[in-house]
1. Tell me yes or no: at least one residue of segment 285-300 is surrounded by 14 or more Cβ atoms within 10 Å (Cβ to Cβ), small (Gly, Ala, Ser) and touching a helix residue (DSSP H, G or I) at 6+ places or on another chain (Cβ under 7 Å).
2. Report, by residue number, each residue of segment 90-110 that is more than 23 Å from LYS70 (Cα to Cα) and at pLDDT below 85.
3. If you go through segment 169-190 one residue at a time, do you hit one that is at pLDDT below 95, surrounded by fewer than 23 Cβ atoms within 10 Å (Cβ to Cβ) and over 24 Å from PHE331 (Cα atoms)?
4. Does segment 261-271 contain any residue that is assigned to a helix (DSSP H, G or I), more than 29 Å from LYS446 (Cα to Cα), of a type in the set (A, V, I, L, M, F, W, C) and within 26 Å of the chain's Cα centre (by Cα)?
5. Residues that are modelled with pLDDT of 90 or more, touching an Asp or Glu at 6+ places or on another chain (Cβ under 8 Å) and under 21 Å from GLY253 (Cβ atoms): does segment 294-316 have at least one?
6. Just need a number here: residues in segment 15-63 that are surrounded by 14 or more Cβ atoms within 10 Å (Cβ to Cβ) and among the polar types (S, T, N, Q).
7. For ASP12, indicate whether it is surrounded by fewer than 20 Cβ atoms within 10 Å (Cβ to Cβ) and in the same structural domain as ARG72 (by TED's automatic domain parsing).
8. Inside segment 226-251, can you point out the residues that are of a type outside the set (Lys, Arg), closer than 19 Å to ASP167 by Cα and either in contact with an Asp or Glu (Cβ under 7 Å, 6 or more places away or on another chain) or surrounded by fewer than 16 Cβ atoms within 10 Å (Cβ to Cβ) (or both)?
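The values are calculated or read from the model by the stated rules, or taken from the named source; none is laboratory data. No experiment lies behind these values; they were computed from the predicted model shown. Quick reminder, even Gly has a Cβ in these numbers, built from the backbone with ideal geometry, and neighbours come from all protein chains shown.
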Amino acid sequence: MTAERFQVIVVDDEENLRNVLAKAFPEEEFLVATACDGEDALARIRDASFHAAIVDFMMPNMNGIELLAKVREVSPRTAVFILTAYGSIESAVEAMRAGAYDYLTKPFRLEEVREKVRRACAFRSLEEENLRLKAELRDKHRFRNLIGASPAMLRVFEIVDRVSDTDNTVLLLGESGTGKEQVARAIHFSGARADNPFVPVDCGAINPNLIESELFGHVRGAFTGANAASDGILRSAGRGTIFLDEVGELPLGVQAKLLRALQERQVRPVGGIETFPLRARIVAATNKDIDRAVREKTFREDLYYRLAVVIVKLPPLRERAEDVSLLVQSFLGETASEGRPVKKMSLEASKVLKSYSWPGNVRELRNAVESAAALTAGDVIGPDDLPEKVRSDGNEHFGAGTGAVGDGSMKSYERVAIVNALKSTGGNRKESARILGIAETTLYRKLKEFDLG
């Protein structure tokens, strides 16, 4: 609590001692209450949230240890300091065993009391802030905040709900921009692992020569430049969730090692002999045709089955046009929450958005809405405020009437999305990869695959 004062309660049956301690804390930093016995203290603690309590060890009716036990029940994060007379080692040890934050001995130095209590209050305040941020994070990413009312998305929500509290590996399939990472986060933050790390890994963006070390860690001296040992992602994630995005880009050798790690739940660092337990959950994703990759032997069939215990197929936005309006409302709400003026989408602009084919899926829709909200002069976004390529006929993005592509296959959509991204960026491949939501290495491979040079 940086803006508010730390709240402290002093509990002692001696009035003079209560007053001395209460006056020891500066009013601009502390709000101090006093209580003459344990019952009075408990009543106050139940009604207010105290960062710290200073409790005398020897009090009639209810001694300090007994009060400590009750405080831990009603306000477990309150830091309790026990006042002990004459530096009694026995009472101090008893207090610490009972769960006291620390003990203070009589006679005491007020400066020492202030500093110890100040540190405890600051730590309690930091704990509260961390809990608040974690709660916000869980709320932001829990599955109910995934947006959509179409049957396809409702099916996704149902699967997320069922698997979030399991340890099963999950494979997310879908085109770039369909929200695979968002779904992975929803799975993590809706389940029992929510208080542990969520670690996203873009398998297509890591140097192929380093990816094994990045995932599995290495021992010191395992290779040139390995001057210190590294735990690697699989170990350092602890009991959290590791999101292997673009898992189809993993080299075959790394695929084999990942398969062994998943089967044995053990991680062996590069150059090492000792193995370590794998405690993290794995959620993987790819925008590849994974069945084709298995047939072509660029992806191991046994690893596919190990990852695909649960498969979630994310529909492209063109197949859930009824969700466009819901997504637009959400994105406009996000821009308003960032301090910008509230914007509304006109009926005409909404029709344009619904008629567009969204080759870049939800990511492209978000970019279009944010761009329009930033550029429109008024409160209402009209068709002319939308990006030029969105205003054009949506069928053009599928090659309809142009003979470019248009067989309705996923590869056709991929090719058209890449062509459009390159056009919109003037051929800038790095920026095109960013818009498409894929690694540059993936874009280069796709350019070669589609003979786009």
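1. So far as segment 285-300 goes, yes, one or more of its residues are surrounded by 14 or more Cβ atoms within 10 Å (Cβ to Cβ), small (Gly, Ala, Ser) and touching a helix residue (DSSP H, G or I) at 6+ places or on another chain (Cβ under 7 Å).
2. Here is the first cut: in segment 90-110, the residues more than 23 Å from LYS70 (Cα to Cα) are 106-110.
Hits for segment 90-110 are LYS106, PRO107, PHE108.
3. no
4. Within segment 261-271, the first condition is being assigned to a helix (DSSP H, G or I), and the residues that meet it are 261-264.
Of the ones still in play, those that are also more than 29 Å from LYS446 (Cα to Cα) are 261-264.
Those left that are additionally of a type in the set (A, V, I, L, M, F, W, C): 261-262.
From the residues that got through so far, the ones that are within 26 Å of the chain's Cα centre (by Cα) too are 261-262.
Yes - at least one qualifying residue is present in segment 261-271.
5. Yes, that holds for at least one residue.
6. Number of matching residues: 2.
7. no
8. Once the filter is applied, which keeps residues that are of a type outside the set (Lys, Arg), closer than 19 Å to ASP167 by Cα and either in contact with an Asp or Glu (Cβ under 7 Å, 6 or more places away or on another chain) or surrounded by fewer than 16 Cβ atoms within 10 Å (Cβ to Cβ) (or both), segment 226-251 yields ILE233, SER236, GLY238, PHE243, ASP245.
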